[in-house]
Amino acid sequence: QVQLVESGGGLVQPGGSLRLSCAASGSIFSINPMGWFRQGPGKTRELVAIITSGGGTNYADSVKDRFTISRDNAKNTVYLQMDSLKPEDTAVYYCHAVIRATSEGYENVYWGQGTQVTVSS
């Protein structure tokens with residue numbers, strides 16, 4: 001069974017930085033793409049950033065030039081470096097991955113359990 005385990009959330013002051021990590025484990029042939037979504041208080045879940053196995057990236061306009069997504073394919077891990085954090089970045093951040101368990105298997109979507117990021121002075 002595939003699991004996504006996140007780490008790195010917490011409380012930070014405005015202008016600060018945090019780095020989130022998400023490691024996928026289990027029966028994995030390929031992961032494409034991996035990414036991060038977030039859900040703020042009273043809001044719907046939204047895309048933050050995604051990255052393909054080839055390194056192509058896409059960001060929400062609200063985080064461009066402040067957040068950087070990267071991945072280590074050998075470790076099946078995706079990272080989100082968050083700089084210049086703002087109070088409006090406060091949310092639960094969810095790791096997202098589209099995983100194929102075998103070369104001939106179907107792709108399935110997996111979610112992490114979520115990690116809280118709070119930006120406040």
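The values are calculated or read from the model by the stated rules, or taken from the named source; none is laboratory data. Quick caveat: nothing in here was measured; it's all calculated off a predicted structure. Every residue, glycine among them, receives a Cβ derived from its backbone with ideal geometry; neighbour counts consider all protein chains shown. Side chains are part of the model used for accessible areas, which takes the heavy atoms of the whole protein and leaves out ligands, DNA and RNA. Shrake-Rupley method; radii C 1.70, N 1.55, O 1.52, S 1.80 Å.
In segment 96-121, which residue that is in a strand (DSSP E or B) and closer than 12 Å to GLY8 by Cα is least open to solvent (accessible area, probe 1.4 Å)?
Per the stated criteria, the residue is VAL117.
Restricting to segment 66-90, what's the tally of residues that are of a type in the set (Phe, Trp, Tyr) and open to solvent by 30 Å² or more (accessible area, probe 1.4 Å)?
Here the count works out to 1.
Write out, first by first residue and then by second, each pair whose Cβ atoms fall under 8 Å of each other, whose residues are 6+ apart or on separate chains, and whose first residue, in segment 56-67, is within 16 Å of SER17 (Cβ to Cβ) and touching a residue at least 12 places away in the same chain (Cβ under 8 Å) while the second is open to solvent by 30 Å² or more (accessible area, probe 1.4 Å) and among the small types (Gly, Ala, Ser).
ARG66/SER84
Return the residues of segment 1-12 that are of a type outside the set (A, V, I, L, M), assigned to a loop (DSSP other than H, G, I, E, B) and either open to solvent by less than 30 Å² (accessible area, probe 1.4 Å) or touching a residue at least 60 places away in the same chain (Cβ under 8 Å) (or both); say none if nothing qualifies.
Selection gives GLY8, GLY9.
Which condition number in (1) outside any strand (DSSP E or B); (2) farther than 18 Å from SER120 by Cβ; (3) touching a residue at least 24 places away in the same chain (Cβ under 8 Å) is the one that GLY15 fails?
(2)
Just give me the residues in segment 27-51 being open to solvent by 30 Å² or more (accessible area, probe 1.4 Å), more than 14 Å from VAL109 (Cα to Cα) and touching a residue at least 12 places away in the same chain (Cβ under 8 Å), in sequence order.
Hits for segment 27-51 are GLN39, PRO41, LYS43, ARG45, GLU46, LEU47.
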